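K.L.:
One structure follows; several queries about it will come next.
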Amino acid sequence: MKKWEENVRRVVPYTPGEQPNQPDMIKLNTNENPYPPAPGVREALAALHTEELRLYPDPAADELVTAVAESYGVKKDQVFVGVGSDDVLAMCFLTFFNGDRPILFPDITYSFYDVWAELFRIPYERPALDSNFHIRKEDYFRENGGIIFPNPNAPTGVELPLCEIQEILEHNRDVVVIVDEAYVDFGAQSVLPLIEKYDNLLVVQTFSKSRSLAGMRIGMAFGNPALIRYLNDVKYSFNSYTMDRTVLAAGAASVKDQEYFEKTCRKIIETREWTKRELRDLGFCFEDSMANFIFATHESCPAEELFQALRSRHIYVRYFPKGRTFNHLRITIGTQQEMETLIAFLKEYLGQRQI
Ligand SMILES: *Cc1c(COP(=O)(O)O)cnc(C)c1O
């Protein structure tokens, strides 16, 4: 090891899902939305003047914050925005998790949490989900330095009912509790109204999944104005101009089209429910998912074999080979037609396998 390497911050980075690019592929591996963003996004981008790009963007992202606050029925000082919810969550870890006690998140969950904890040197513990991959609320009733979990959880899709989240909040009035609602728009119940009651609750959402804007990078946090102020202090100590001019315009246009948003979410939910029935008929088992993906295992065919078989047909799903998830596949909900192609392939593959 070179002398200078002693002073390097060494980290094991998060591994994002692969981004293959084949013309005939069906991409069901990173929970993107199969439908295009709201039509207003295209108009907003077309109306941008290249000339204006010589100027810095608004550091307060006021256009976007205002549109989000109006659409979600909260005040502007209850909203923080960032470059995707990954940026928002990283800022939250840096801002709120500075105690000596370990923060808590489930053993099976979004795999960025332990990466940020390691990066920022935050102690953490990971209470195990039960054998059906459900969060056990009692695991979060002990002393800790903060709590974070997605709802619905990823990659399981399982929703923790609002009343159980409220119990967790009641047991944790002295630490910040973050609920990562990346998938909440696909039918789960949001805890957003609870920010009025709990001044230590942060609700994080993203434009990447339900608003079809993964490529634009927009995320947000809702919470008590004091929490939002602390977040902004850290943001301004790191990078003031996180949201560029294109992002602000596109994000505001997206939020203003509630009808399109509801229509596309509804279509995905319908396709998800259809896919659940078909997968069950084919011998797959899974907990009920309230997200835009299904986390499934097959009664006889190993997940890794299916993953490879699908891959050779250019159908990409996500496979987490380590630990308790080694025999599961996470399948994103695409268009109805994409899911019909997936099911037809599985039917044929599993049928031939039995002969
Ligand atoms: C996708 C995802 C995010 C991050 O999404 P961004 O694209 O960075 O907004 C955060 N949390 C969970 C649980 C996710 O699945």
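The values are calculated or read from the model by the stated rules, or taken from the named source; none is laboratory data. These numbers come from a predicted model, not from an experiment. Cβ atoms come from the backbone with ideal geometry, glycine included; neighbour counts cover every protein chain shown. Only protein heavy atoms, including side chains, enter the accessible area calculation; ligands, DNA and RNA are left aside. Shrake-Rupley method; radii C 1.70, N 1.55, O 1.52, S 1.80 Å.
K.L.:
Across segment 208-219, in residue order, what do the Karplus-derived ³J(HN,Hα) couplings come to in whole Hz, using 6.51 cos²θ - 1.76 cosθ + 1.60 with θ = phi - 60° and x for Gly and Pro?
P.N.:
Ordered by residue, 3J(HN,Hα) equals 6, 9, 6, 10, 6, 10, 4, x, 9, 6, 9, x Hz.
K.L.:
In whole Hz and in residue order, list the ³J(HN,Hα) couplings for segment 314-324 that follow from phi through the Karplus curve 6.51 cos²θ - 1.76 cosθ + 1.60, θ = phi - 60°; x for Gly and Pro.
P.N.:
Whole-Hz 3J(HN,Hα) from phi for segment 314-324: 6, 9, 9, 10, 9, 10, 10, x, 8, x, 5.
K.L.:
Then there is this: Rounded to the nearest 5, what % of the DSSP beta bridges within the chain are antiparallel ones? Present the calculation step by step, with values, prior to reporting the outcome.
P.N.:
Working: 17 of 30 bridges.
Roughly 55 percent of the beta bridges in the chain run antiparallel, per DSSP.
K.L.:
With only alpha-carbon atoms in the gyration tensor, what are the semi-axes of the equivalent ellipsoid for segment 16-109, in Å, largest first?
P.N.:
Taking √(5λ) for each Cα gyration eigenvalue gives 29, 26, 14 Å.
K.L.:
So, by mean Cβ neighbours within 10 angstrom, what's the order for 103-112, 253-262, 232-241 with the highest one leading? Don't skip to the answer; put the middle values down first.
P.N.:
Details: 103-112: 20.7, 253-262: 17.2, 232-241: 13.3.
Result, highest mean Cβ count within 10 Å first: 103-112, 253-262, 232-241.
K.L.:
Still on this structure: Less than 14 Å Cβ to Cβ from Gly157, Lys/Arg counted +1 and Asp/Glu -1: what total charge do the surrounding residues give? Please list the in-between numbers first.
P.N.:
On the way: positive: Lys209, Arg272, Lys276, Arg318, Arg330; negative: Glu159, Asp180, Glu181, Asp185, Glu273, Glu287, Asp288.
Once all neighbours under 14 Å are counted, the net charge is -2.
K.L.:
Here's another thing I want to ask about it. Distance check, please: which entries in Lys209/Lys235; Lys75/Lys137; Lys235/Lys256; Lys76/Lys256; Lys27/Lys267; Lys75/Lys197 exceed 19 angstrom between their Cα atoms? Present the calculation step by step, with values, prior to reporting the outcome.
P.N.:
On the way: Lys209/Lys235 24 Å; Lys75/Lys137 30 Å; Lys235/Lys256 26 Å; Lys76/Lys256 15 Å; Lys27/Lys267 17 Å; Lys75/Lys197 15 Å.
The answer is Lys209/Lys235; Lys75/Lys137; Lys235/Lys256.
K.L.:
Considering the Cα positions of segment 68-203, please state its Rg to one decimal place and its Dmax as a whole number of Å.
P.N.:
Just the Cα atoms of segment 68-203 yield Rg and Dmax of 14.1, 41 Å.
K.L.:
What residues have an amide H closer than 5 Å to that of Phe293, excluding those fewer than 5 places away on the same chain, when H is modeled at 1.01 Å from N in the peptide plane?
P.N.:
The list, which skips near neighbours in sequence, is Ile333.
K.L.:
Return the Rg/Rh ratio of the chain with Cα-based radii and a Kirkwood Rh.
P.N.:
Here Rg/Rh amounts to 0.97.
K.L.:
How many percent of the accessible area of the chain is carbon or sulfur, using a 1.4 Å probe?
P.N.:
On the way: 8440 of 16880 Å².
Accessible surface attributable to carbon and sulfur in the chain totals 50 percent.
K.L.:
Just subtract the alpha-carbon distance of Asn7 and Ser111 from 0.36 nm times their residue separation and send over the number in nm, one decimal. Could you put the intermediate results ahead of the total?
P.N.:
Numbers: separation 104, 0.36 × 104 = 37.44 nm, distance 2.60 nm.
So the chain would gain 34.8 nm between Asn7 and Ser111.
K.L.:
Can you work out ³J(HN,Hα) from phi for every residue in segment 173-190, in order, using Karplus 6.51 cos²θ - 1.76 cosθ + 1.60 and θ = phi - 60°, giving whole Hz and x for Gly and Pro?
P.N.:
Once θ is set to phi - 60°, the couplings for segment 173-190 become 7, 10, 9, 7, 10, 10, 10, 8, 9, 4, 10, 5, 6, 9, x, 7, 9, 7 Hz.
K.L.:
Once you keep just the Cα pairs under 8 angstrom separated by 6 or more residues, what percentage relative contact order results for segment 233-355?
P.N.:
Numbers: 102 pairs, mean separation 27.2, N = 123.
Here the relative contact order equals 22 percent.
K.L.:
While we're on this one: Computed FRET efficiency, Cβ-Cβ of Arg324 and Phe141, R0 22 Å: what is it to the nearest 0.05? Intermediate results must be reported in sequence, preceding the final value.
P.N.:
Details: r = 23 Å, r/R0 = 1.04.
Given R0 = 22 Å and the Cβ-Cβ separation, E is 0.45.
K.L.:
Follow-up. Extent of segment 126-171 along each principal axis, from alpha carbon coordinates, in Å, largest to smallest?
P.N.:
25, 21, 15
K.L.:
Given springs between every Cα pair under 10 Å in a Gaussian network model of the chain, which of Val175, Val203, Val11 has the largest fluctuation?
P.N.:
Sorting by GNM fluctuation, first place goes to Val11.
K.L.:
Taking a temperature of 4 °C and a viscosity of 1.567 mPa s, what whole-number D in µm²/s does Stokes-Einstein yield for segment 19-67 with Rh from Kirkwood over alpha carbon pairs?
P.N.:
Working: Rh = 14.5 Å.
Rounded to a whole number, D works out at 89 µm²/s.
K.L.:
Please report, largest first and rounded to whole Å, the three semi-axes of the ellipsoid equivalent to segment 201-355, where each semi-axis is the square root of five times an eigenvalue of the C-alpha gyration tensor.
P.N.:
On the way: eigenvalues 284, 67, 41 Å².
Over the Cα atoms of segment 201-355, the semi-axes work out to 38, 18, 14 Å.
K.L.:
Now, a different point. Only Lys, Arg, Asp and Glu count, each charged at its Cβ (+1, +1, -1, -1), so figure out the dipole size of segment 200-355 about its Cα centre, rounded to 20 debye. Please report the intermediate quantities before stating the final value.
P.N.:
Details: 22 positive and 17 negative charges, 83 e Å.
So the magnitude is around 400 debye.
K.L.:
With the crude spin-label approximation of a point 7 Å out along Cα→Cβ, what separation in nm comes out for Lys256 versus Tyr56?
P.N.:
That separation, rounded to one decimal, is 2.6 nm.
K.L.:
For segment 39-256, report the accessible area per residue in Å² (1.4 Å probe, heavy atoms, rounded to an integer). Please report the intermediate quantities before stating the final value.
P.N.:
Working: 9110 Å² over 218 residues.
Ligands and nucleic acids excluded, the figure is 42 Å² per residue.
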